[in-house]
Amino acid sequence: MKYVNFHRITEDYGVVLEGWPLKGKFCSPGDLSSRPQLEILLNAWKTGLARFRCLTDDEWEEWRLQ
C-alpha cells in the first residue's frame, strides 16, 4: 500500500479514500503511536465509515484538473 503517495493511486486508477477518521493526513497504521488511534481507525473500517471508492469518470476528470 502506498500511503505517502496515495495521490498517485487516485491519479492512475481513480480510487479515493473517504471517511478517514483521524486528524491529519492519511498514513500507515504502523505510523500511529497510540492504541486509541488504532481502535478508531479499525472501527471506521469495520463500520464502513472509512472506505475506498472508485471515482466516476466525471469525478476523476475533475480531480485531475485540480
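Just a few scattered comments:
- Summed over the stretch 8-66, residues that are in a loop (DSSP other than H, G, I, E, B), open to solvent by less than 100 Å² (accessible area, probe 1.4 Å) and not polar (S, T, N, Q) total 13.
- Listed by first and then second residue, the pairs with beta-carbon distance under 7 Å, at least 6 apart or on different chains, first residue in the stretch 9-34 and closer than 24 Å to Glu59 by Cβ and modelled with pLDDT under 90, second open to solvent by less than 70 Å² (accessible area, probe 1.4 Å) and in a helix (DSSP H, G or I), are Phe26/Phe6.
The values are calculated or read from the model by the stated rules, or taken from the named source; none is laboratory data. Everything quoted here is computed from the prediction, not taken from an experiment. Positions of Cβ are backbone-derived with ideal geometry, glycine not excepted, and every protein chain shown enters the neighbour counts. Remember, those area values only see protein heavy atoms, side chains included, never the ligands or the DNA or RNA. Shrake-Rupley method; radii C 1.70, N 1.55, O 1.52, S 1.80 Å.
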